[in-house]
Structure formats: C-alpha cells, structure tokens
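Asker: Mind looking over this structure? Questions follow.
The values are calculated or read from the model by the stated rules, or taken from the named source; none is laboratory data. No experiment lies behind these values; they were computed from the predicted model shown. Neighbour counts are summed over all protein chains in view; Cβ atoms, including those assigned to glycine, are modelled from backbone coordinates with ideal geometry. These accessible areas exclude ligands, DNA and RNA; they are computed on the full protein's heavy atoms, side chains included. Shrake-Rupley method; radii C 1.70, N 1.55, O 1.52, S 1.80 Å.
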Amino acid sequence: MKIIVPATTANLGSGFDSFGLALDMFLEVTVCGPADEWFIEHQIPGLPHNATNLIIQTVCDVAPGTPPHRLKMMSQIPTARGLGSSSAAIVAGIEIANQLNQWQLSNQDKLTLAATIEGHPDNVAPAIYGGFTVSGSVAEGYFATTHHFTEVDLIAVIPPYKLLTKASRQVLPVDLSFKQAVAASSIANGLLTAFLTNNIELMTKLLECDRWHEPYRLLLVPELEKIRLAKVELGIYGAVLSGAGPTILVFAPKNQSHQVIQPLQSLLPDSQIKLCHVYQDGVNVQ
Ligand code: HSE
C-alpha cells in the first residue's frame, strides 16, 4: 500500500492561515509490512528513521495501538521551505492509521485530526482535499471548502536555505488594532473574490498587498522584494511568500511561464526555480 500526499502552498498573499493550494510535488509513503518496531526508510539527511519521525509519531499519536510497520518514504517536497512538508507528513501518518485500523475516516475527520496537530488548517486542508481550499476554525471545529483556482501559471522560487515555521511566526505581531485588522481582512476578501471569479486585474492589484504577515517577514526572505522590484521586466502578476517561506510563489500569465523561468533564474542564481501546477486530488491510497 502506498500513500501519496501533495505539497501545498499556504496563505497565497493575504489568506493568512486560511488559503491553501495543493501542488504537483509529492510525498509517497509505502507501507511495507509488519515489523518489531516502527522504522522508516528514506534518503533525506538529518530526518529520523525511528518513532521520532513525524509520520510515525502521527500514527502513534492518533492510533496508539497500531502494530508497528516498516515504511519507505520518497519525497519531492523540500523540508522547511514553506511547501507543506510537515503537513504532508502529518496527513500521511493519519492516512496510515486510517488504513491499518480500517477506520474509514471522512475528510472532515482527517482535517480535524491534522489541523489539531499542525495548529492551523491552511496546509493540511489542501493536502487532504486537493485543489484550492479556504479553511479556518470556529467553536464547532475546523472547516474547509474547495474551489476552482484562477487561471495562472505558478512558479516556485526555492531559496537555498531553510526557514522553520516557528522562527517565521516569531516575527509576527501579537496583536493588530481593530482598524488594521479590518483593512487586512478587506484585502483578503477582495483577493479571494478575484481568485474565485478569475478576475486577473483585481488579483494583480491585491496579490502583494497582504497586511497580516508579509510585511513582517520581508527581512527573513530578501528574495521576495527582489522579485517584486523586477515585476514589470519579468512580466509577472506578482509574487507572494509560500506559507511561512522561504519559498516564493510567482504568479505569471497562463502559458507564459517559459518566458519567466530563465530571467528569474538569472535574477536569483542560487534559488531553485520550479514550474508548479495545481493538483486537484488530496491524499490518496494506491
Ligand atoms: N500559515 C502558516 C504561516 C503556514 O504562514 O505561518 C506555515 O505553516
């Protein structure tokens, strides 16, 4: 049995902790068979192989009685780069628990478990549902809705350094004034409308106007400002931080990404430039 989970990008500008998009880069975990102890085989330096691995930890947290298995993992999702690697691991762990215990969890069940572990639902929602998701939580629990995304080309610019979400959240303010929150919220509302109605003009106007998190994170990811300053020459709609960074998600006109990739690479020679596509499926089992 193989569990496949897509990479995800969160925030998409002003949809802080709420908007998310599944991308066509994948975490694949094969459940090889029962073993004396949990073990996960992989080639990623520094990532644990034993019960401290996040995938195994998640299985054991959500289903403590699950008999140990040997797992094998392959991942195209770079770690600590803002592309949802930890959310993918958590969602994979929940799916393994679901399959090995024959639970038949619904997507809502998986969302509740995953968002509780992760602390916010914006990456786990698209990893579970696929496509473009808007998620959040109210007293009754977590919610997520899925939508068709705007017709754009997406390019991930992956800088050569890691940035832990915890460190990137530490620079955020503890409070915003009522006035600031209303302004930030209206920009997010407008951007969501633009995404949902394929209103490219409005999307271009609002994409780089986030007021929740990007102004505070600019210093952590200098590449973002560099791309924004070259926006006209690059011929792009705009660029946003992918999740907590450091990856930057570049929005380009549909079918025009080939004209953007080379100039982007020249502008940021140390970063990996990767054309991405929206992936419509969430976690799946083969
Ligand atoms: N919304 C989160 C953040 C995504 O920006 O901190 C990373 O987990």
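Asker: Could we say that Gly20 is within 17 Å of the chain's Cα centre (by Cα), closer than 23 Å to Pro126 by Cβ and away from the ligand (no atom under 16 Å from the Cβ) here?
Answerer: Here the answer is no, as Gly20 does not meet what is asked.
Asker: Turning to a different aspect of this structure: Could you give me the residue pairs with C-beta distances under 6 Å whose first residue belongs to segment 1-23 and is open to solvent by 10 Å² or more (accessible area, probe 1.4 Å), whose second residue is of a type outside the set (Val, Ile, Thr) and within 9 Å of the ligand (Cβ to nearest atom) wherever it lies, and which are 6+ apart or on separate chains?
Answerer: Phe16/Trp212; Phe16/His213; Asp17/His120; Asp17/Asp122; Ser18/Asp122
Asker: Among the numbered conditions (1) surrounded by fewer than 18 Cβ atoms within 10 Å (Cβ to Cβ); (2) over 21 Å from Asn284 (Cβ atoms); (3) without any contact (Cβ under 8 Å) to a residue 40 or more places away in the chain, tell me where Gly33 comes up short.
Answerer: Condition (2) is where Gly33 drops out.
Asker: If you don't mind, there's one more thing I want to ask. Restricting attention to segment 44-65, and to residues there that are open to solvent by 70 Å² or more (accessible area, probe 1.4 Å) and closer than 30 Å to Gly131 by Cβ, which single residue is nearest to the chain's Cα centre (by Cα)?
Answerer: Out of the qualifying residues, it is Gln57.
Asker: Ile187: assigned to a strand (DSSP E or B) and away from the ligand (no atom under 15 Å from the Cβ), yes or no?
Answerer: Taking the combined requirement at face value, the residue does not satisfy it.
Asker: For residues that are surrounded by fewer than 21 Cβ atoms within 10 Å (Cβ to Cβ), polar (S, T, N, Q) and in a helix (DSSP H, G or I), scanning just segment 87-128, find the one that is nearest to the ligand (Cβ to nearest atom).
Answerer: Out of the qualifying residues, it is Thr116.
Asker: Considering only segment 70-84, I want to know if a residue exists there that is part of a loop (DSSP other than H, G, I, E, B), closer than 30 Å to Trp212 by Cα and basic (Lys, Arg).
Answerer: yes
Asker: Output the number of residues of segment 209-224 satisfying the condition of being part of a helix (DSSP H, G or I) and among the aliphatic types (A, V, I, L, M).
Answerer: So the answer is 1.
Asker: If you don't mind, another one. Just checking, does segment 252-261 include any residue being within 16 Å of the ligand (Cβ to nearest atom), at pLDDT 95 or above, outside any helix (DSSP H, G or I) and surrounded by 23 or more Cβ atoms within 10 Å (Cβ to Cβ)?
Answerer: There is no residue in segment 252-261 that is within 16 Å of the ligand (Cβ to nearest atom), at pLDDT 95 or above, outside any helix (DSSP H, G or I) and surrounded by 23 or more Cβ atoms within 10 Å (Cβ to Cβ).
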